[in-house]
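Working notes, structure below.
The values are calculated or read from the model by the stated rules, or taken from the named source; none is laboratory data. Predicted model only: the values in this text are computed from it and were never measured. Note that we place each Cβ from the backbone using ideal geometry, even for glycine, and neighbour counts take in every protein chain shown. Accessible surface is based on the protein model in full, side chains and every heavy atom, while ligands, DNA and RNA are left aside. Shrake-Rupley method; radii C 1.70, N 1.55, O 1.52, S 1.80 Å.
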Amino acid sequence: MNSISVRALLVRGMLAGLIAGAFALAVAYFLGESHVDAAIALEEAHSHDHGGGEELVSRTMQATGGLATGVLVFGVAVGGIAALVFCYALGRIGDFGPRATAALIAGAALLTVYIVPFLKYPANPPAVGDPDTIGERTALFFLMVALSVLLAVAAFITGRRLAPRLGNWNATVAAAAGFVLLIGLAYAFLPSFDEVGKDFPAGLLWEFRLSTLAVQVTLWSVFGVVFGYLTERLLTPAALAATPRTASAVN
């Protein structure tokens, strides 16, 4: 793959990330912000500090401009990174076309970058968590992300090396089992945090975490579909152009 193709795919990855970010933003705003507001109201109701300073950023700005900036920038950034991964993976992970490769990368990213770390360190709304441990919790979450990605790469390499001896199916099962085992060990040995207050509604916590999961599922699902379409248009234009002519000739 030459530099022109890589550049074109990078641009398309960032564009697909922007579009996916727009869909994820809609989910975050309409599904998640109401839960954030409810958690903030609970936090304020139980706060004993009634002499707080002036609010630097209004809640309205946080829920609109701040949320949009964060989600869209994140979408563009991960879209560019996923496009670079696509450039390397296309043709190297099996006999998959551009759309299938894009879908596999999006699914792998959702699993390794979010779902695996989320199961160990789920997102918490305001009023949940000790402010004194936020630095440690953040560091451990990103450590879990790094472990998940590295172990997934190691599992893929191991599966490819085992394939000639075990066959593709058995090698895939063995590599996946090794990944699950090592992630389970990470879950067991890394510290956990149980900082949810007894008076915090379990339903609200559950709905907030489901909404954060929905945002990520939307982001990566839309990215996989859009980026797959754009890459196929770029890399196989002759085949797509021939399709209408073939159909008209048959008719």
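The range 65-132 and the range 151-171 have Cα centres spaced 23 Å apart. As a calculated quantity, the FRET efficiency between Asp37 and Val217 at R0 = 25 Å, using C-beta atoms, amounts to about 0.65. Modelled spin-label separation between Phe193 and Leu111, with each label point placed 7 Å from Cα along the Cα-to-Cβ direction: 2.7 nm.
Label positions at Leu181 and Leu166, each projected 7 Å from the Cα along the C-beta direction, are separated by 0.9 nm. Each Lys and Arg contributes +1 and each Asp and Glu -1, all at the Cβ; summed about the Cα centre of the range 80-141, the dipole is approximately 280 debye.
Any chance you could run the full-extension gain for Leu119 through Leu18? It's 0.36 nm times the residue separation minus the Cα-Cα distance, nm to one decimal.
On the way: separation 101, 0.36 × 101 = 36.36 nm, distance 2.65 nm.
Full extension of this stretch gives 33.7 nm more.
Can you send over the carbon and sulfur percentage of the accessible area for the range 179-238, probe radius 1.4 Å, protein chains only? Let's see the in-between values first.
Numbers: 2350 of 3390 Å².
Carbon and sulfur atoms account for 69 percent of the accessible area of the range 179-238.
Excluding ligands, DNA and RNA, the accessible surface per residue across the range 160-224 is 64 Å² with a 1.4 Å probe.
Between Val85 and Asp132, the FRET efficiency from the beta-carbon distance, with R0 = 30 Å, is close to 0.20.
Site pair Val11 and Ile93 shows an inter-label distance of 2.5 nm when each label is modelled 7 Å from Cα along Cα→Cβ.
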